[in-house]
Amino acid sequence: MTPDDFRAAAHAAADLVSDYLDGLPARPVWQPMDGTARAALLDAPLPAGGTALTELLAAVERDVLPYPMGNGNPRFFGWVNSAPAPAGVLATLAAAAMNPSSAGGDHADVHLERTVVRWIAELVGFPHPAGGGLLTSGTSMATIVCLAAARNRAARAAGWDVREDGLAGLPPLVGYVTGETHSCVRKAAELLGLGSRHLRTVATGPDGRLDTADLRAAIERDRAAGLLPFLVVASAGTVGTGAVDAFHPIADLCAEQGLWLHVDGAYGAFGRLDPAIAHRYAGLERADSLALDPHKWLGVPVDCGCALVRDTGELRGTFSLVPSYLRDEAAGELGWFSEYGTEQTRPFRALKVWATIAHRGRDGLARDIARCTELARHLGELVTADPELELLAEVQTSITAFRYRPAGLDEAGLDALNRELPAAVQRRGRVFVTGARLGDREMLRACLLNATTTEADLALLLAEVKSAAADLHTIYRPDTEDS
Ligand SMILES: Cc1ncc(COP(=O)(O)O)c(C=O)c1O
């Protein structure tokens, strides 16, 4: 391959990607793959010889790009997956061309990561001591990083060195979550040897927010039983309904009880940029740690999470291990990123974050986010106005939680119908929405992350839901059971 071959292929790739992105809104959002197309990917034999770049591009165009997950489309409302920010897409190519390990050292990627971590903290109003954070693969990993620091601090306070001695012999450390806390917290607790049964589920109010009185009672019970309460996990946007906890009362209780307050802001922390809902986040800055995902609401191409911590020393004290082959006299006071988390070789995530934020600027991002919350509220109004639909939660951020509720179905029938509804809507290809359980009910949740979504797209979403539901309804209607 000559440099000119690469240049020609790179130009062709740029055209291919531009055409792909351009064409997305006019295509079905998602469609099941046909068997032949799936087999072309699944059963591809290991190639013995090489393939020219031009042929590789042709294969990408034929076998890969026609079968997206759907999240680039403005009518995708599923899970918490955004369309990629164009500047981030371009930056990905340059980052791959440099291909550094952003573990540490004196090169551009490392310095840029320090800057974008500071920018992220500034965007969400979290205090940022130098070195107080790092980029991760996502919030699942950022949660492991933050909770490891919380665990080690709590153990140290009990006279225990977890790094040296492990956890055996230490009275159980207990953490507090709610029924709406994301599953990554439980995963982290299990991996960190805390045991998921030592995560207490605290009650929430009707607004989905953590009930501080119940939290206090649970802490007191555990202390009386000789256990070591150490952690509260609050949410800056739950994955189910987008609920934002009331941080001040929780932070007050954590301060009083000496507990680590961790906030899961994976999806919702950037909502603080929208003046219309910024008040909901008051007190977020008092957390000991915050995990959040630039690869969600900011649209930074996957993957990119971020762990922010108030006390840099706790993070470094938890993870720093510098074998002699990695000694670096030029590392400076803060050392290497690999001393603050689990990864040694680390990708150049910072360039796509830098490009995404710099392209829109703080104000552009704030406008995009405000547009999403406005759309979600509008969808809530459309749902409320429709007698066949039921809004299941206040729209606090940009998730609208609702269900189809035709007359004549009991709760079991409604549950069965709403459980099947998302997949039925998805198969039609015009919009994409996902479901979840909220308390004891099945619901649909539309997550608005794309500022180019229109009011017409929302109307189409509800029309599709009702049309797919009408087809399913015949199955669940009591009078059809006898026929
Ligand atoms: C509220 C919340 N927390 C945590 C996560 C996990 O984040 P990630 O998938 O980036 O690991 C998600 C993902 O959707 C989420 O919505």
Open item on the list: Just to be sure I understand the model, the point goes 7 Å from the Cα along the line to the Cβ. What's the resulting Leu42 to Asp207 distance in nm?
Closed with: 4.8
TODO: Starting from the Cα gyration tensor of the chain, multiply each eigenvalue by 5, take the square root, and state the resulting semi-axes largest first in whole Å.
DONE: 37, 34, 20
Open item on the list: Whole angstrom only: what separates the Cα centroid of the stretch 22-86 from the Cα centroid of the stretch 348-389?
Closed with: 25
Task: Pairwise label distance in nanometres, Leu321 with Gln31, each label 7 Å out on the Cα-Cβ vector - done: 5.0
Open item on the list: Restricting to Cα atoms and excluding each atom paired with itself, what does the Kirkwood estimate give for the stretch 93-356 in Å?
Closed with: 18.7
Task: Coarse-grained scattering of the stretch 361-481 at q = 0.17 Å⁻¹, given as base-10 log I(q)/I(0) from a Debye sum over alpha-carbon atoms - done: -0.81
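Once the other residues with Cβ under 12 Å from the Cβ of Leu21 are scored (Lys, Arg +1; Asp, Glu -1), what is the net sum?
Summing Lys and Arg as +1 and Asp and Glu as -1 gives -2.
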Task: Antiparallel bridge percentage (DSSP; both residues within the stretch 93-356; nearest 5) - done: 35
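Calculated from DSSP H runs of 4 or more alone, at -39500 (n - 2.57) each and per residue, what is the 222 nm mean residue ellipticity of the chain, nearest 500?
Working: 15 runs with 210 residues, N = 483.
Value at 222 nm, helices only: -14000 deg cm²/dmol.
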- [ ] Could you calculate the FRET efficiency of Ala278 with Leu167 from 1/(1 + (r/R0)^6), where r is the beta carbon distance between them and R0 is 51 Å, rounded to 0.05?
- [x] 0.80
TODO: For the stretch 413-480 and the stretch 91-165, compute the distance between their C-alpha centroids and round to whole Å.
DONE: 38
TODO: Taking every Cα atom in the stretch 34-118, find the radius of gyration and the maximum pairwise distance Dmax, and write them in Å.
DONE: 17.9, 49
Task: Net +/- balance of residues flanking Glu256 in space, Cβ distance below 13 Å, scoring K and R +1, D and E -1 - done: +1
Task: Carbon/sulfur fraction of accessible area - the chain, other protein chains in place, 1.4 Å, % - done: 55
Task: Computed FRET value (nearest 0.05) for Thr474 with Met1, which takes r as the C-beta separation and R₀ as 41 Å - done: 0.10
Task: Dipole magnitude (debye, nearest 20) for the chain, charges at Cβ of Lys, Arg, Asp, Glu - done: 520
Open item on the list: Using the Kirkwood radius over C-alpha pairs as Rh, can you work out the diffusion coefficient of the stretch 241-376 via Stokes-Einstein at 37 °C, viscosity 0.692 mPa s, in µm² per second?
Closed with: 193
TODO: Kindly report the accessible area of the stretch 426-470 per residue (heavy atoms of protein chains, probe 1.4 Å, no ligands, DNA or RNA), in Å².
DONE: 37
Task: Whichever lysines have a C-alpha closer than 22 Å to that of Lys296, once near sequence neighbours (fewer than 8 apart) are set aside - done: Lys187, Lys352
- [ ] Read phi for every residue in the stretch 85-96 and hand back ³J(HN,Hα) as whole Hz from Karplus 6.51 cos²θ - 1.76 cosθ + 1.60, θ = phi - 60°, with x for Gly and Pro.
- [x] 5, x, 5, x, 4, 5, 4, 4, 5, 5, 4, 5
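The values are calculated or read from the model by the stated rules, or taken from the named source; none is laboratory data. These numbers were taken from a predicted model, which means no experiment stands behind them. Here Cβ is always computed from backbone atoms with ideal geometry, including for glycine, and neighbour counts include all displayed protein chains. Note: accessible area is taken over every heavy atom of the protein model, side chains too, but ligands, DNA and RNA are not part of it. Shrake-Rupley method; radii C 1.70, N 1.55, O 1.52, S 1.80 Å.
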